[in-house]
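Structure provided below as structure tokens; questions to follow.
The values are calculated or read from the model by the stated rules, or taken from the named source; none is laboratory data. The model shown is predicted, which means the values in this text are computed figures rather than measured ones. Methodologically, a virtual Cβ is constructed for each residue, glycine included, from the backbone with ideal geometry; neighbour enumeration extends over all protein chains shown. The protein model used for the area step is the full one, side chains on, heavy atoms only, and it has no ligands, DNA or RNA in it. Shrake-Rupley method; radii C 1.70, N 1.55, O 1.52, S 1.80 Å.
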Amino acid sequence: MNDVTPVTEAAAAVKPHLPDAQTVTAVTHWTDRLFSFRVTRPRSLRFRSGEFVMIGLLDDAGKPLLRAYSIASPSWDDELEFYSIKVPDGPLTSRLQHIRPGDEIILRPKPVGTLVLDALLPGRRLWFLATGTGIAPFASLMRDPETYEKFDTVVMMHTCRTVAELEYGRQLVETLKTDDLVGEMAAGKLLYYPTTTREPFDRMGRVTDNLASGKVFADLGLPPMEPATDRAMVCGSLAFNVDVRAILEGFGLREGANSDPREYVVEKAFVGEGI
Ligand code: FAD
Ligand code: A2P
């Protein structure tokens, strides 16, 4: 689905002379709950693939209404891409979902986050574990050559309720194969493992269940995770992150951070219990 919804005055209310305003260059609506968009990149913005920034619009009172967003594009890209939920009555996304090319958004150029390659010790296999919009930081890392320079195998496990909710990730992985910069490396190293939980699909089940049962290892012909070889990055709801942590710790992996690299790192895909 690629429909474009009409712009509202509120959504376009960021004045061009504001510092930190960036121009929207493209918008794609994937489902009635999900869309992605691209904006111009501030020349001063340097970030590591996997980090997030604060973006937003002006509210009715003219004050910036900002939320954390993972940058979904890689650090070498001229533009910035974001992948967003549409929360019914969400203060920001009820407006943000109406942006169109030419509109402006606010982007604070101060990237931060734990889902960076620097926060992991060297290893052989890298696991990206995500639900819903939690795939956004991995959309960045999957397009970064450094990911493939550092690891022999990269596995992208993404679980959503329905097939349509997987489509952004599916198309991204598909186009990666012909990408000039990472295509060859990704074709040889990237294993994509999408699953649904509430609609029939060729692969089903929660990330947690497929790891705990060993199904994903059997399906991909990989050995079970172990601390000597496997590294993981996790991004989903709080409940997902808690459950995945327990499984990774069960395999002997320990949580790391920028200042203390270890075997896995975790970031919240959003604050709250879901919609
Ligand atoms: P809010 O008032 O912020 O949220 C209302 C409720 O909606 C939340 O309590 C929660 O229950 C639910 N919700 C919010 N975001 C999501 C989501 N992404 N998926 C499912 N349910 C959600 N959101 C993105 O869409 N893409 C991103 O790349 C992204 N990156 C984030 C990175 C970090 C580190 C954090 C902390 C949050 C991130 N978020 C992301 C969430 C984002 O900051 C906002 O919460 C979201 O845009 C909704 O804003 P809102 O003002 O409309 O509603
Ligand atoms: P399920 O359908 O079994 O709840 P949501 O749309 O609610 O954000 O969920 C996105 C995906 O994450 C769904 O497929 C959901 O599976 C899965 N999920 C939700 N909570 C957990 C959890 N604690 N552990 C593993 N997967 C989860």
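State which residue is nearest to ligand 2 (Cβ to nearest atom) when the search covers only segment 87-111 and only residues that are open to solvent by less than 20 Å² (accessible area, probe 1.4 Å) and touching a strand residue (DSSP E or B) at 6+ places or on another chain (Cβ under 7 Å).
The first filter runs over segment 87-111 and keeps only residues open to solvent by less than 20 Å² (accessible area, probe 1.4 Å), leaving 90, 92-93, 96, 99, 105-107.
After this cut, where a residue has to be touching a strand residue (DSSP E or B) at 6+ places or on another chain (Cβ under 7 Å) as well, the list is 92-93, 96, 99, 105-107.
Values: LEU92: 18, THR93: 14, LEU96: 18, ILE99: 23, ILE105: 24, ILE106: 26, LEU107: 25 Å.
Taking the candidates together, the pick is THR93.
Which numbered condition trips up CYS235, out of (1) open to solvent by 30 Å² or more (accessible area, probe 1.4 Å); (2) in contact with a Pro (Cβ under 6 Å, 6 or more places away or on another chain); (3) within 15 Å of ligand 2 (Cβ to nearest atom)?
In the conditions (1) open to solvent by 30 Å² or more (accessible area, probe 1.4 Å); (2) in contact with a Pro (Cβ under 6 Å, 6 or more places away or on another chain); (3) within 15 Å of ligand 2 (Cβ to nearest atom), CYS235 misses (1) alone.
Further, regarding this structure: Just name the residue that is modelled with the lowest pLDDT out of those in segment 62-101 that are polar (S, T, N, Q) and more than 7 Å from ligand 1 (Cβ to nearest atom). Step through it out loud before you land on a result.
Step one: of segment 62-101, the residues polar (S, T, N, Q) are 70, 73, 75, 84, 93-94, 97.
Restricting the remaining residues to those that are more than 7 Å from ligand 1 (Cβ to nearest atom) gives 73, 75, 97.
Working: SER73: 97, SER75: 93, GLN97: 98.
Within segment 62-101, the match that is modelled with the lowest pLDDT is SER75.
Any idea which of GLU199, GLU255 is within 26 Å of GLU51 (Cα to Cα) and not hydroxyl-bearing (Ser, Thr, Tyr)?
GLU255
Moving on. Please work out which residue is farthest from the chain's Cα centre (by Cα), limiting yourself to segment 1-52 and to residues that are small (Gly, Ala, Ser) and modelled with pLDDT of 95 or more.
Step one: list which residues in segment 1-52 are small (Gly, Ala, Ser), which gives 10-13, 21, 26, 36, 44, 49-50.
Those left that are additionally modelled with pLDDT of 95 or more: 21, 26, 36, 49-50.
Values: ALA21: 22, ALA26: 18, SER36: 11, SER49: 10, GLY50: 8 Å.
That would be ALA21.
So which residues in segment 183-201 are free of Cβ contacts under 8 Å to residues at least 40 places away in the same chain and either among the basic types (Lys, Arg) or open to solvent by less than 60 Å² (accessible area, probe 1.4 Å) (or both), if there are any at all?
GLY183, LEU191, TYR192, TYR193, PRO194, THR195, THR196, THR197, ARG198
Kindly provide the set of residues from segment 160-195 that are away from ligand 1 (no atom under 16 Å from the Cβ), out of contact with any His (no Cβ under 7 Å at 6 or more places or on another chain) and closer than 19 Å to PHE35 by Cα, ordered by number. Break it down stepwise before answering.
Pass one, segment 160-195, residues away from ligand 1 (no atom under 16 Å from the Cβ): 163, 170-171, 173-195.
Cutting the leftovers down to out of contact with any His (no Cβ under 7 Å at 6 or more places or on another chain) gives us 163, 170-171, 173-193, 195.
Listed by number, the residues that qualify are VAL163, ARG170, GLN171, VAL173, GLU174, THR175.
Out of segment 112-131, which residues are open to solvent by less than 30 Å² (accessible area, probe 1.4 Å) and within 16 Å of ligand 2 (Cβ to nearest atom)?
Our first condition is that a residue be open to solvent by less than 30 Å² (accessible area, probe 1.4 Å); within segment 112-131, this holds for 113, 115-117, 119-120, 123, 125-130.
Matches in segment 112-131: TRP127, PHE128, LEU129, ALA130.
Pull up segment 238-275, narrow it to residues that are among the basic types (Lys, Arg) and surrounded by 13 or more Cβ atoms within 10 Å (Cβ to Cβ), then point me to the one that is farthest from ligand 1 (Cβ to nearest atom). Show your work before the answer.
Step one: filter segment 238-275 for residues among the basic types (Lys, Arg), giving 245, 254, 262, 268.
Retained after the next criterion (residues that are surrounded by 13 or more Cβ atoms within 10 Å (Cβ to Cβ)): 245, 262, 268.
Numbers: ARG245: 16, ARG262: 20, LYS268: 5 Å.
Among them, the one singled out is ARG262.
List, please: which pairs have Cβ atoms under 8 Å, are six or more places apart or on different chains, and start with a residue in segment 39-67 that is open to solvent by 50 Å² or more (accessible area, probe 1.4 Å) and end with one that is of a type in the set (Lys, Arg)?
MET54/ARG67; MET54/ARG108; MET54/LYS110
Another question, if that's okay. Just wondering, is there one or more residues in segment 222-235 that are within 16 Å of ligand 1 (Cβ to nearest atom) and not aliphatic (A, V, I, L, M)? Before you say what the answer is, go through the steps one by one.
From segment 222-235, those within 16 Å of ligand 1 (Cβ to nearest atom) are 233-235; that's our starting set.
Still in the list and also not aliphatic (A, V, I, L, M): 235.
Yes, segment 222-235 has at least one match.
Which of (1) over 15 Å from the mean Cα position of the chain (by Cα); (2) surrounded by 18 or more Cβ atoms within 10 Å (Cβ to Cβ) is the odd one out, the single condition MET156 does not satisfy?
(1)
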